[in-house]
Amino acid sequence: MSKAKPPVSETSDEAKHESSNEPAHALSEESYNYRTRIVSALSEIGQAKWDALVQTQDDANPFLSFAFLDALHESGCASAKSGWQPQFLTVWRAESDMDDGELVAALPLYVKSHSYGEYVFDWAWADAYQRNGLEYYPKLLSAIPFTPVTGSRLLARDAEATTALIAALVTVQESNTFSSTHILYPPSAQAEILREAGFMLRTGVQFHWLNADYKDFDAFLETLARKKRKNIRAERRKVHEVGVTFRHVSGHDASEDDWIFFKRCYDHTYADHRSTPYLNLDFFQRIGATMPQNILLIIAEQDGLAIASSLLIHDEQTVYGRYWGALKHVDCLHFETAYYQPLEFCIANKMACFEGGAQGEHKMARGFLPQKTWSAHWLAHAAFSDAIEDFLKRETGGIESYMDELNERNPFKL
């Protein structure tokens, strides 16, 4: 397989090139023209148009917002230089050739030169390609960079716009020589649409905490099995007994010093794991300035000094645990800063759900329950596609058995 070419800026026999005088292909009986554009910067769309489209989705979340994505791009965290080249696929609907059109569909799309920061692991697939003298990279990836959170990927105003978007995606992936296309963490309904479009589905497991309208944290604890309840109280007591206290700092109130301190904690955690952080201070400062209503910093202090911090992103219903770090070791501090303090925030603000991030079977002992996640995959090489399809069938069976096993270990009182 030859090395992939970057996608063209206008694409598809079914889409109208804006610079062309050829008639657009109509996808309905109404007098609409559909134009497909690939954009390398969200500024080409504009915040108002992008966010208006996102807000039409039933499962819109803060990570799909212009502010979050633009911060990733403009800070350089998700850029061509870092191996995340933005090539967002968009569909515009116009009533005439003179009309610029309305943004009716979009797919967050990247040309990836590696598989870092995805949380749906395909390293074995890439290795198999290499061992057979084939190039796996670059590939096409639809995801929110570094963010394993389920949410709409097929951003569309209606079923017709969804059809147009998938048709454009098929054209892009077939007209270039990318090895594959991967769409990560779509909701189940969109996963089924992608399956019908020829994608193979892959399942995974995350652990989410659900709020049963608890009065307070103790009311939540009372629903757990005795041993789980006892262990959590012991963990919290260890942190309290060494004099650690916590500040909850909203995005509106976070100072420059707060962000600098959080970044130190974040970097320290990556250093402890001998890894390189994906995100820089510029990114955190950008989201702090542009989406403060969605941000909560939890800062742990001891003897008047800040020692640890976690960052939460939230909307009105869901809290997403994103990052945490500490500058010194305190027994059980991670659980308190990254789990128990966020749960108290959820309960106090009547948030329905806390998503604690990828993986983490240990979360079940703290009241989190397993939830299935999805990804969708298309491979150009027929033989490899068949082999991976067989692998996914076996893996899916294993995931189903794993889910059954987890559900048998329910942490709540029976």
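The values are calculated or read from the model by the stated rules, or taken from the named source; none is laboratory data. Quick caveat: nothing in here was measured; it's all calculated off a predicted structure. Virtual Cβ from ideal backbone geometry, glycine too; neighbours counted across all protein chains shown.
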If residue 344 meets every condition in (1) out of contact with any helix residue (DSSP H, G or I) (no Cβ under 6 Å at 6 or more places or on another chain); (2) surrounded by fewer than 21 Cβ atoms within 10 Å (Cβ to Cβ); (3) over 22 Å from residue 410 (Cβ atoms) apart from one, which number is that one?
(1)
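Going by what's in this entry, would residue 147 be described as over 17 Å from the mean Cα position of the chain (by Cα) and among the polar types (S, T, N, Q)?
No, not satisfied.
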Checking 376, 338 in turn, the sole residue that is touching a Leu at 6+ places or on another chain (Cβ under 7 Å) and crowded, with 18+ Cβ neighbours inside 10 Å turns out to be 376
Can you tell me which residues in the stretch 277-332 are more than 23 Å from residue 69 (Cα to Cα) and either free of Cβ contacts under 8 Å to residues at least 40 places away in the same chain or not assigned by TED's automatic domain parsing to the domain that holds residue 265 (or both)?
304, 305, 328, 329
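For (1) over 25 Å from residue 150 (Cα atoms); (2) acidic (Asp, Glu), each residue gets a yes or a no:
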| residue | (1), (2) |
| --- | --- |
| 211 | no, no |
| 229 | yes, no |
| 239 | yes, no |
| 244 | yes, no |
| 251 | no, no |
| 272 | yes, yes |
Would you please name the residue that is surrounded by the most Cβ atoms within 10 Å (Cβ to Cβ), looking only at residues in the stretch 34-69 that are aromatic (Phe, Trp, Tyr) and touching a helix residue (DSSP H, G or I) at 6+ places or on another chain (Cβ under 7 Å)?
34
If residue 398 satisfies every condition in (1) touching a residue at least 60 places away in the same chain (Cβ under 8 Å); (2) closer than 20 Å to residue 148 by Cβ; (3) assigned by TED's automatic domain parsing to the domain that holds residue 172 but one, which is the exception?
(1)
So residue 79, is it within 18 Å of residue 147 (Cα to Cα), without any contact (Cβ under 8 Å) to a residue 24 or more places away in the chain and surrounded by fewer than 20 Cβ atoms within 10 Å (Cβ to Cβ)
yes
Do we have any residue at all in the stretch 372-383 that's part of a helix (DSSP H, G or I) and within 30 Å of residue 242 (Cα to Cα)?
no
Among (1) basic (Lys, Arg); (2) in a strand (DSSP E or B); (3) under 24 Å from residue 76 (Cβ atoms) - the single one residue 153 does not satisfy
(2)
Here, strands (runs of 3 or more DSSP E) confined to the stretch 271-341 with at least 1 residues that are farther than 25 Å from residue 206 by Cα are 295-302, 305-314
Scan the stretch 225-240 and tell me whether some residue there is out of contact with any helix residue (DSSP H, G or I) (no Cβ under 7 Å at 6 or more places or on another chain) and crowded, with 18+ Cβ neighbours inside 10 Å.
no
Of everything in the stretch 164-204 that's among the hydroxyl-bearing types (Ser, Thr, Tyr) and at pLDDT 95 or above, which residue is surrounded by the fewest Cβ atoms within 10 Å (Cβ to Cβ)?
188
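Yes/no matrix, rows are residues, columns are (1) of a type in the set (D, E, K, R); (2) touching a residue at least 60 places away in the same chain (Cβ under 8 Å); (3) at positive phi; (4) not assigned by TED's automatic domain parsing to the domain that holds residue 318:
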site	(1), (2), (3), (4)
220	no, yes, no, no
229	yes, no, no, no
232	no, yes, no, no
235	yes, yes, no, no
242	no, yes, no, no
245	no, no, no, no
248	no, yes, no, no
252	no, no, no, no
Is there a residue being modelled with pLDDT of 95 or more, over 20 Å from the mean Cα position of the chain (by Cα) and under 30 Å from residue 221 (Cβ atoms) anywhere in the stretch 267-280?
no
